[in-house]
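These notes are about the structure you will find just below.
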Amino acid sequence: MIPLSADSVGKRYRSHWAVRDCTFALPEGKVIALVGPNGAGKSTLLRMAAGLVRPTAGELEVFGTPVRGGTHPDVSFLAQNRPLYSDLTVRETVRVAAAMNDRWSAERVQEVLGLQAGVDHGAKIRTLSAGTRTQVAIALALGRLPRLLLLDEPLSDLDPLARDETLRIIMAEVADRGTTVVMSSHLLADLREVCDHMLLVDEGRVQVDGDIEEVLARHRILVGPAADESAVAGTLVSATRTQRQATLLLKDSGPAPQGWTDAEPDLESLVMGYLRASRARSSAPRG
Ligand SMILES: Nc1ncnc2c1ncn2[C@@H]1O[C@H](COP(=O)(O)OP(=O)(O)OP(=O)(O)O)[C@@H](O)[C@H]1O
């Protein structure tokens with residue numbers, strides 16, 4: 001079953017479209033990287049999927065059910081601002097969350113908290129570092145035993161050790177429970193380690209949607225003499241050029257002509273290439 005799909009979804013704030021004409025269907029039991037620059041529309045998409053923001057156009061479905069005013073019982077959402085009651089202790093927070101959720105596993109919460117070093121159960125939320133607050137919020141999200149876990153920048157506040165712990169917890173969640181995870185982040189190297197699928201958005205639109213290995217394998221980076229670009233075959237995504245040398249990101253390219261080097265891009269250079277292309281399109285004169 002498709003955990004999350006979007007059909008021509010758009011969200012407008014006043015005259016500005018934060019998300020526009022997004023159509024996709026995400027694969028089940030995978031970790032999906034939601035990537036794009038600041039303001040691309042990632043949080044808005046996640047908030048719409050969680051039922052917290054209503055689309056202006058189109059429709060989202062979670063496990064085949066249209067999302068309308070409320071979070072689907074099989075969904076857990078980790079919001080970017082990690083909303084927790086600041087005057088409660090971690091222990092009290094866990095108890096309140098248990099009382100607020102029909103489906104709840106206290107064992108799962110304790111298990112996840114136990115895997116995260118340094119979470120003091122007696123400490124008030126407001127005394128915790130941003131990273132520790134994130135760790136508590138992730139444990140609560142998993143306590144709902146979700147089938148779809150939506151994480152808005154779960155790694156941004158975490159130090160390298162906590163990041164590693166969190167990525168392991170996410171990988172184990174997918175392997176043991178078959179949960180689908182959608183994770184927005186700017187940390188492309190970390191995403192590459194755990195993600196199977198990517199959804200690249202920019203200026204509210206989906207630019208790339210696919211299995212990461214397949215997407216990377218369909219692209220090449222060719223570097224060669226700028227004067228000789230016409231010899232290169234394939235669909236040009238974007239290019240950077242100096243007077244002498246051209247660096248081209250190509251989709252479905254032919255063999256590299258003589259004098260050109262040819263390599264598969266890593267996730268970072270692929271994302272950069274698409275964002276460059278998107279910028280060039282939006283700054284091109286209209287008419
Ligand atoms: N509540 C709101 N009211 C008005 N504009 C909003 C609101 N929420 C988001 N926006 C605008 O919508 C656009 C997309 O924002 P969004 O937060 O979804 O992007 P993002 O990709 O998550 O960015 P970041 O990586 O910085 O978190 C931005 O231009 C933002 O200013």
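The values are calculated or read from the model by the stated rules, or taken from the named source; none is laboratory data. Since we're looking at a predicted model, the values are computed, not measured. We place every Cβ from the backbone using ideal geometry, glycine too, and count neighbours over all the protein chains shown.
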Quiz item: Name the residues in the range 36-57 that are under 17 Å from ASP21 (Cβ atoms) and either assigned by TED's automatic domain parsing to the domain that holds SER269 or not in a loop (DSSP other than H, G, I, E, B) (or both), would you?
Solution: LYS42, THR44, LEU45, MET48, ALA49, ALA57
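Looking at ASP7, is it within 16 Å of the ligand (Cβ to nearest atom) and in a strand (DSSP E or B)? Full working, then the answer.
Values: within 16 Å of the ligand (Cβ to nearest atom): no; in a strand (DSSP E or B): yes.
In short, no.
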Quiz item: If you scan the range 66-107, which residues turn out to be in contact with a Phe, Trp or Tyr (Cβ under 9 Å, 6 or more places away or on another chain) and free of Cβ contacts under 8 Å to residues at least 60 places away in the same chain?
Solution: THR71, GLU92, THR93, VAL96, ALA97, ALA98
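Which of the helices (runs of 4 or more DSSP H) contained wholly in the range 59-149 include at least 2 residues that are not assigned by TED's automatic domain parsing to the domain that holds GLU173?
Numbers: elements: 90-100, 106-115, 130-143.
Qualifying helices (runs of 4 or more DSSP H): none found.
Can you work out which of the residues in the range 53-95 that are of a type in the set (Val, Ile, Thr), farther than 15 Å from LEU128 by Cβ and at pLDDT 95 or above is farthest from the ligand (Cβ to nearest atom)?
As a first pass, look at the range 53-95 and keep what is of a type in the set (Val, Ile, Thr): 53, 56, 62, 65, 67, 71, 75, 89-90, 93-94.
Retained after the next criterion (residues that are farther than 15 Å from LEU128 by Cβ): 53, 56, 62, 65, 67, 71, 75.
Cutting the leftovers down to at pLDDT 95 or above gives us 53, 56, 62, 65, 67, 75.
Values: VAL53: 8, THR56: 12, VAL62: 19, THR65: 23, VAL67: 16, VAL75: 18 Å.
Checked the range 53-95; the qualifying residue farthest from the ligand (Cβ to nearest atom) is THR65.
Looking only at the range 1-43, count every residue that is of a type in the set (S, T, N, Q), within 13 Å of the chain's Cα centre (by Cα) and over 27 Å from ARG177 (Cα atoms) and tell me the total. Lay out the reasoning, then the answer.
Kept after step one, since they are of a type in the set (S, T, N, Q), are these residues of the range 1-43: 5, 8, 15, 23, 38, 43.
Still in the running and within 13 Å of the chain's Cα centre (by Cα): 38, 43.
Next cut, over 27 Å from ARG177 (Cα atoms) only: 38.
Selection size over the range 1-43: 1.
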Quiz item: Would a scan of the range 183-203 turn up a residue that is of a type in the set (Ser, Thr, Tyr) and closer than 30 Å to LEU113 by Cα?
Solution: yes
Quiz item: Here is a list of conditions, (1) within 16 Å of the ligand (Cβ to nearest atom); (2) touching a strand residue (DSSP E or B) at 6+ places or on another chain (Cβ under 8 Å); (3) closer than 26 Å to LEU167 by Cβ, and ASP202 meets all of them except one; can you say which number that is?
Solution: (2)
Quiz item: Going through the range 145-166 one residue at a time, which ones are among the aliphatic types (A, V, I, L, M) and within 13 Å of ILE32 (Cα to Cα)?
Solution: LEU148, LEU149, LEU150, LEU151
Quiz item: Which condition number does ARG144 fail, the rest of (1) under 22 Å from VAL67 (Cβ atoms); (2) within 18 Å of the chain's Cα centre (by Cα) being met?
Solution: (2)
Practice problem: Residue by residue through the range 58-116, note down the ones that are charged (D, E, K, R) and exposed (fewer than 15 other Cβ atoms within 10 Å of the Cβ). | Solution: GLU59, ARG68, ASP87, ARG91, ARG95, ASP102, ARG103, GLU107
Quiz prompt | Cross-chain or 6+ apart pairs with Cβ under 7 Å, the range 228-243 first and at negative phi, then among the basic types (Lys, Arg) | solution = THR235/LYS251; VAL237/LYS251; SER238/ARG276
Quiz item: Going through the range 33-52 one residue at a time, which ones are more than 8 Å from the ligand (Cβ to nearest atom) and surrounded by fewer than 22 Cβ atoms within 10 Å (Cβ to Cβ)?
Solution: GLY51, LEU52
Quiz item: Restricting attention to the range 18-32, and to residues there that are closer than 15 Å to GLN207 by Cβ and not hydroxyl-bearing (Ser, Thr, Tyr), which single residue is surrounded by the fewest Cβ atoms within 10 Å (Cβ to Cβ)?
Solution: ASP21
